[in-house]
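What follows is a set of notes on a single structure, which appears directly below.
The values are calculated or read from the model by the stated rules, or taken from the named source; none is laboratory data. Here the structure is a predicted model, which is why all the values come from computation and not from measurement. Here Cβ is always computed from backbone atoms with ideal geometry, including for glycine, and neighbour counts include all displayed protein chains.
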Amino acid sequence: MNKKVDGVSSGEPRDNALAYLQYLKSIGIEYVEPAQTPDNAATNELASLAGEVAECKSCTLHKTRIQTVFGTGSPRAGIMFVGEAPGADEDKQGEPFVGRAGKLLTKMIQAIGFEREEVYIANVLKCRPPQNRDPRPEEVAACEHFLVRQIQLIQPLVICALGAHAAKTLLKTDDTIGKLRGRFFDYHGVPLIPTYHPAFLLRSQQSKKAAWEDLQKLRDKYHELNG
Ligand code: SF4
């Protein structure tokens, strides 16, 4: 037997929902605010931050970009990858790591048991430096607060810095990537492991073994922290 609550029958879920909406309308309620879960709150705040980034003219890179490249992936990702800056393909498509290096990163992510959509991928800079030159200190200084906010919203369990520029920016060090890679550092309470940038790995086959060891450490740390 169906139970009646405030004039609404508890039959099939869809019938129930329709009946409930009719009931709300009958008492003068035309609009129901959707429930705010932590997931959609983070998604909304990330979307709003992406809007701010799209309008940003805080450094000269805005003059040469086709578009900003904010980030991609799950707003509740347990693993976050941070690279240096968009390249030509990313500038055209508006998504980080979509060129040859991006395809390698996707394979690296899959090799540790995840899909690209399950992690989050972003860069320190949100606009492409011309001719893919290195980011300048004043550009990093102008842009870094966007990345910090992204990390605060996503709350990853573990971060992987891809390449020297990401590692140096996040860890505030001048050490080389060869010295930094493969070890965990503390990034405002989040374990962070630097490894080689996929673009470097495309040129340096012999470094792939070390990168694989770093990725295994990243995977193990994630599982340790995720219970
Ligand atoms: S790189 Fe960052 S700070 Fe510079 S214009 Fe783009 S979004 Fe703004």
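Before we move on, is residue 131 among the polar types (S, T, N, Q), crowded, with 21+ Cβ neighbours inside 10 Å and in a helix (DSSP H, G or I)? No; evaluated as a whole, the condition is false for this residue. Within the stretch 152-170, the set of residues being assigned to a helix (DSSP H, G or I) and among the small types (Gly, Ala, Ser) comprises 164, 166, 167. Cβ-Cβ distances below 9 Å connect the following pairs, each with a first residue in the stretch 123-140 that is under 20 Å from residue 170 (Cβ atoms), a second residue that is among the aromatic types (Phe, Trp, Tyr) and away from the ligand (no atom under 12 Å from the Cβ), and a separation of six or more residues or different chains: 123/97. If we scan the stretch 171-192, do we find a residue that is part of a helix (DSSP H, G or I) and in contact (Cβ under 8 Å) with a residue 60 or more places away in the chain? No: zero hits. Starting from the stretch 42-65, keep only residues that are part of a loop (DSSP other than H, G, I, E, B), then list their pairs with residues that are within 10 Å of the ligand (Cβ to nearest atom) and at pLDDT 95 or above whose Cβ atoms are within a distance under 6 Å, requiring at least 6 positions of separation or different chains. Final answer for the pair search is 58/142; 59/139; 59/142; 65/127; 65/128. Screening the candidates 199, 111, 122, 166 for the property of being buried (at least 19 other Cβ atoms within 10 Å of the Cβ), more than 16 Å from the ligand (Cβ to nearest atom) and among the small types (Gly, Ala, Ser) yields one hit, 199. Within the stretch 50-61, the residues that satisfy the criterion of being within 11 Å of the ligand (Cβ to nearest atom) and within 15 Å of residue 95 (Cα to Cα) are 50, 53, 54. One residue stands out in the stretch 202-227 among those that are touching a residue at least 12 places away in the same chain (Cβ under 8 Å) and small (Gly, Ala, Ser): the one that is surrounded by the most Cβ atoms within 10 Å (Cβ to Cβ), namely 211. Of the residues making up the stretch 134-146, just one is within 27 Å of residue 74 (Cβ to Cβ) and not in a helix (DSSP H, G or I), namely 135. Among the residues of the stretch 77-104, those identified as in contact with a Lys or Arg (Cβ under 8 Å, 6 or more places away or on another chain) and part of a helix (DSSP H, G or I) are 88, 90, 91.
I'd like the residue in the stretch 117-132 that is out of contact with any strand residue (DSSP E or B) (no Cβ under 7 Å at 6 or more places or on another chain) and modelled with pLDDT of 95 or more and, out of all such residues, is farthest from residue 212 (Cα to Cα). Looking at residues that are out of contact with any strand residue (DSSP E or B) (no Cβ under 7 Å at 6 or more places or on another chain) and modelled with pLDDT of 95 or more, I get 130. Take residue 149 and decide whether it is basic (Lys, Arg), outside any loop (DSSP other than H, G, I, E, B) and within 16 Å of the ligand (Cβ to nearest atom). When the stated conditions are applied, residue 149 passes them.
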